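Asker: Below you'll find the structure I mean.
The values are calculated or read from the model by the stated rules, or taken from the named source; none is laboratory data. It should be emphasised that the depicted structure is a prediction, and the values quoted were computed from it without experimental measurement. In this analysis, Cβ positions are derived from the backbone assuming ideal geometry, glycine residues included, and neighbour counts consider all displayed protein chains. Calculation scope for accessible area: heavy atoms of the full protein, side chains included, ligands and nucleic acids excluded. Shrake-Rupley method; radii C 1.70, N 1.55, O 1.52, S 1.80 Å.
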Amino acid sequence: MKECVERLVKVGFKRNPRKIFDEIESISAVMLREGWRLHDTCFEDGLGCAHLFFEREVAEGEEGSPE
């Protein structure tokens, strides 16, 4: 079974591009350490936010269980 989660990063036209990519990299690193893999990304029209979609395999009965 797959578990999916989405993370948002605010982009905008006034934000420093380096800070945007640093935030994307930081979120991705945390998620990778927690067993997630980056499945897909997309940017909203108008560059409002970047959407990061992560997935991970979970055994039956593990979904939603506290760690």
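Asker: For the stretch 4-21, what does the Karplus curve 6.51 cos²θ - 1.76 cosθ + 1.60, with θ = phi - 60°, yield as ³J(HN,Hα) per residue in whole Hz, taken in order and with x for Gly and Pro?
Answerer: 10, 8, 10, 10, 10, 10, 5, 10, x, 8, 9, 7, 5, x, 4, 5, 4, 5
Asker: Label-point separation (nm) for E6 and K19, each offset 7 Å from Cα along Cα-to-Cβ?
Answerer: 2.5
Asker: Let me ask something additional. Return the carbon/sulfur percentage of the accessible area of the stretch 1-42, one whole number, probe 1.4 Å, all protein chains in place.
Answerer: Details: 1820 of 3350 Å².
Answer for the stretch 1-42: carbon and sulfur cover 54 percent of the accessible area.
Asker: Whole-Hz ³J(HN,Hα) for each residue in the stretch 34-47, computed from phi via Karplus 6.51 cos²θ - 1.76 cosθ + 1.60 with θ = phi - 60°, x for glycine and proline: what do you get?
Answerer: Here the 3J(HN,Hα) series is 8, x, 8, 10, 6, 8, 7, 9, 7, 10, 5, 4, x, 6 Hz.
Asker: Only one of the listed values, (i) 36, 9, 8; (ii) 32, 24, 4; (iii) 27, 12, 8, was derived from the coordinates as semi-axes √(5λ) of the Cα gyration tensor in Å; which label is it?
Answerer: Only one option fits the structure, namely (iii).
Asker: Could you do me a favour and compute the accessible area per residue for the chain, 1.4 Å probe, result in Å²? Let's see the in-between values first.
Answerer: Numbers: 5130 Å² over 67 residues.
So the chain comes to 76 Å² accessible per residue, rounded to a whole number.
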